[in-house]
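Take a look at the structure below.
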Amino acid sequence: MIGEIYLLNDNLVVLDKLANEADGAAINNATVTCTLKDSAGVNVAGQTWPLAMVYQVGSVGKYIGTLEDALSLADGAVFTAVIDADGGAGLKGHWEIPVKAKVRRS
């Protein structure tokens, strides 16, 4: 499934329910980052990378970061959100999520 990112808007990137696969325990103290890459694997202009995603206090492993409205996106283009989580030894995760840029319409 492909996600969406809206041109000229701040967009939230969310990693929810980060957990230790071995025992299911929530990981609430990880370092989590996101980088948005174009189809050539180049970091998208308009933001400093990697973007730190912040743990949401009181949640169960939920981290959120804000992609800025100044990102250099083209309507219809597909990008990759690369998310890395480091909760310490043996607790590392990596995701590559396709996202399509589009103009928000009512």
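State whether one or more residues within the range 17-37 are at positive phi, in contact with a strand residue (DSSP E or B) (Cβ under 8 Å, 6 or more places away or on another chain) and of a type in the set (K, R). The answer is yes; a qualifying residue exists. Here R104 meets the list (1) of a type outside the set (D, E); (2) at pLDDT 95 or above; (3) part of a loop (DSSP other than H, G, I, E, B); (4) over 22 Å from N20 (Cβ atoms) almost entirely, failing just condition (2). Just for the range 62-105: of the residues that are of a type in the set (K, R) and touching a residue at least 24 places away in the same chain (Cβ under 8 Å), which one is surrounded by the fewest Cβ atoms within 10 Å (Cβ to Cβ)? Among them, the one singled out is R104. D10 meets each of the listed conditions (1) within 17 Å of W95 (Cβ to Cβ); (2) in contact with a strand residue (DSSP E or B) (Cβ under 7 Å, 6 or more places away or on another chain) apart from (1).
The values are calculated or read from the model by the stated rules, or taken from the named source; none is laboratory data. Remember, it's a predicted structure, so these values are computed and weren't measured experimentally. Positions of Cβ are generated from backbone atoms using ideal geometry, with glycine treated the same way; all protein chains shown enter the neighbour counts.
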